[in-house]
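The values are calculated or read from the model by the stated rules, or taken from the named source; none is laboratory data. Because the structure is predicted, anything quoted here is derived from the model rather than measured. Backbone-built Cβ (ideal geometry, glycine too); neighbour counts: all protein chains shown.
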Amino acid sequence: MLEKLNNLDSRWMYLALVIVLIIPVIKPIGMPVSVNKDLTQRAYDTIGALPAGSIVMFDVAYSASTDTELTPMMMAIMEQMAKKGLKLLVAGQWESGLFFVKDKVAAKAKSFGWKYGVDWVNIGFKAGGISTFRAMATDFWKGAMGIDIDKTPFEQLPIMQRVKKLDENAISCIVIYESGSPGMETWITYFPKISLVKASVAAEIASSVRYIPTGQLKGLIPGMRGAAEYEKLVGKPGVSTQLMDAQSLSCLLIIGLIVLGNIAFFSSKKKAGHIGR
Amino acid sequence: MLTQELQIWVAVVGTLAIFSFLIKENPFYRFFEYTVIGMSAAHSVVMTWDNYTKAFWTNYVMKGEYYLLIPGAIALLYYLRYAPGKYQWLYRYPLSLIMGYSIGYALAYEPRPFMVQVRGTFEKLTSFNDWLYLFVFFAVCSYFVFTFWNKSAAVNKTRGFARYAMMAYFGVAFGNTVQGRFSLLLGRLLFLLQDWLHLVNIGSGVG
């Protein structure tokens with residue numbers, strides 16, 4: 001039996017995983033979600049402490065592949081911003097990300113009754129990477145080529161009158177939705193005075209958490225789990241909350257497979273008399 | 001009932017083609033892999049041209065800021081990478097300029113991000129965790145010192161501890177990565193179940 005397990009075709013495990021993921025999506029169990037006080041709660045408190053009317057900048061540093069993890073975070077944070085009366089400026093270091101979230105952010109803003117150009121703006125992707133954002137620190141309008149994502153001149157967008165330079169006076173907080181590079185290093189290195197919150201894919205949490213004790217990050221939202229926590233904090237359970245059952249069960253399956261795999265491995269070694277050699 | 005939207009059908013075929021790699025390598029998978037790469041590159045070029053280069057020209061250069069043509073001309077030297085051998089070396093000028101500027105700017109900037117990290121290791125030692133962090137820091141540093149101390153039993157034991165500490169870190173990173181990959185798979189499964197098959201209705205937020 002253990003021999004068979006040792007030589008099991010990995011495609012059976014893929015199939016088991018897909019089944020374990022699909023069942024709770026169709027029939028949710030409703031497992032509880034607790035909030036991480038050191039990561040997600042800090043992010044929530046940082047944004048929650050901003051005075052009404054402050055401008056929060058979203059840096060969309062991801063593309064379609066990490067949509068499931070990061071977009072629900074964006075929607076939950078927008079809920080909090082609407083309750084607090086905060087303004088939104090959407091920018092991004094990844095060219096595909098901004099167009100990808102454009103409609104979703106616009107639909108969410110519309111549901112709050114936000115007026116484009118007054119309560120929020122999407123400036124679109126600006127090529128040039130870090131150099132461009134550094135240029136925005138000196139002159140935001142020139143660095144951003146003076147147009148938004150739909151090529152509307154900044155002169156016609158009243159909120160842009162408040163953003164002449166990319167600094168802590170204009171932007172109270174940056175929330176970066178990041179799944180890779182370029183990412184938070186841009187802000188940590190060149191804009192350390194602006195509060196930074198990172199909404200992160202799960203794969204990057206271990207390498208990002210060290211920035212929390214030093215204050216370089218004011219909050220960290222970890223993967224889909226973090227998105228579900230944020231949805232709980234804003235009191236609007238959404239997609240992530242509903243997918244957490246599947247996420248948790250799939251992790252249990254993997255733990256079970258790791259234990260079984262180790263038992264099978266050591267048993268076969270013992271049988272062959274190889275253990276310890 | 002299956003969806004009637006052509007756009008979703010295209011996405012479904014693409015998704016299933018990419019997943020077919022899990023069964024085995026096949027031409028169906030390869031075709032969609034190359035399609036995604038080609039489309040991403042094309043999208044990037046169009047975005048840069050349409051949203052930045054064109055705006056740079058019409059909003060600034062054409063309005064009299066001709067000095068911007070100088071860095072523009074230097075940037076064009078990048079393309080000499082593809083020129084015949086005699087002129088190829090010129091592409092190094094813009095590369096050197098941007099490298100020198102970026103490194104100088106990062107090193108001169110206050111506070112230097114890596115110094116904040118170094119300071120953070122020492123400045124607050126009030127709990128067991130802070131001391132443990134400091135010990136792990138020195139242990140891991142000693143692990144990567146290869147030129148001396150290699151005969152000291154104490155240092156060797158510390159290095160052994162460092163190895164376990166690093167394995168713990170890699171374990172956390174690996175666990176999180178696996179969890180993240182499941183989230184991505186969930187996103188695609190939800191797309192198939194919700195947008196294509198209409199078996200569930202969880203809501204928006206996933207595309």
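Does residue B:105 qualify as being assigned to a helix (DSSP H, G or I) and at pLDDT 90 or above? It is false that residue B:105 is assigned to a helix (DSSP H, G or I) and at pLDDT 90 or above.
Consider region A:161-186 and keep the residues that are at pLDDT below 95 and not acidic (Asp, Glu). The one that is surrounded by the fewest Cβ atoms within 10 Å (Cβ to Cβ) is A:181. Selection over region B:86-137 of residues that are hydrophobic (A, V, I, L, M, F, W, C) and closer than 21 Å to residue A:132 by Cα gives a count of 8. Just so you know, in region B:76-113 the residues that are within 14 Å of chain A (Cβ to nearest Cβ) and loosely packed, with under 12 Cβ neighbours inside 10 Å include one that is nearest to residue B:53 (Cα to Cα), and it is B:99.
Looking at region B:154-161, is at least one residue assigned to a helix (DSSP H, G or I) and within 27 Å of the chain's Cα centre (by Cα)? No. The set of residues in region A:230-270 that are assigned to a helix (DSSP H, G or I), within 30 Å of residue A:76 (Cα to Cα) and more than 14 Å from chain B (Cβ to nearest Cβ) comprises A:232, A:233. Number of residues in region A:212-221 that are at the interface with chain B (Cβ under 8 Å from one of its Cβ atoms) and closer than 12 Å to residue A:178 by Cβ: the value is 0. When region A:108-129 is filtered for residues that are aliphatic (A, V, I, L, M) and within 20 Å of residue A:164 (Cβ to Cβ), the ones remaining, listed by number, are A:118, A:121, A:123.
Criterion applied to A:155, A:204 was being outside any loop (DSSP other than H, G, I, E, B), among the charged types (D, E, K, R), assigned by TED's automatic domain parsing to the domain that holds residue A:78 and under 16 Å from the mean Cα position of the chain (by Cα), and the one residue passing it is A:204. Report yes if residue A:147 is buried (at least 18 other Cβ atoms within 10 Å of the Cβ), within 19 Å of the chain's Cα centre (by Cα) and either closer than 24 Å to residue A:115 by Cα or in contact (Cβ under 8 Å) with a residue 24 or more places away in the chain (or both), otherwise no. No, not satisfied.
If only residues of region B:22-47 that are within 16 Å of residue B:11 (Cβ to Cβ) and loosely packed, with under 13 Cβ neighbours inside 10 Å are counted, the one that is nearest to the other protein chains (Cβ to nearest Cβ) is B:39. Evaluating residue B:178 against the criteria (1) under 20 Å from residue A:16 (Cβ atoms); (2) facing chain A (nearest Cβ under 8 Å); (3) crowded, with 16+ Cβ neighbours inside 10 Å leaves one unmet condition, (3). If you check B:45, B:13 for being closer than 23 Å to residue A:97 by Cβ, assigned to a helix (DSSP H, G or I) and not small (Gly, Ala, Ser), only one passes: B:45. From the residues in region B:59-75 that are exposed (fewer than 13 other Cβ atoms within 10 Å of the Cβ) and within 13 Å of another protein chain (Cβ to nearest Cβ), which one is farthest from residue A:91 (Cα to Cα)? Here the answer is B:67. Count of region A:191-248 residues, restricted to those that are touching a residue at least 24 places away in the same chain (Cβ under 8 Å), basic (Lys, Arg) and surrounded by fewer than 22 Cβ atoms within 10 Å (Cβ to Cβ), is 4. Does residue B:126 count as more than 27 Å from the chain's Cα centre (by Cα) and either outside any helix (DSSP H, G or I) or of a type in the set (Ser, Thr, Tyr) (or both)? It is true that residue B:126 is more than 27 Å from the chain's Cα centre (by Cα) and either outside any helix (DSSP H, G or I) or of a type in the set (Ser, Thr, Tyr) (or both).
When we screen A:82, A:64, A:106 for residues that are within 20 Å of residue B:45 (Cα to Cα), free of Cβ contacts under 8 Å to residues at least 60 places away in the same chain and assigned by TED's automatic domain parsing to the domain that holds residue A:170, the only hit is A:64.
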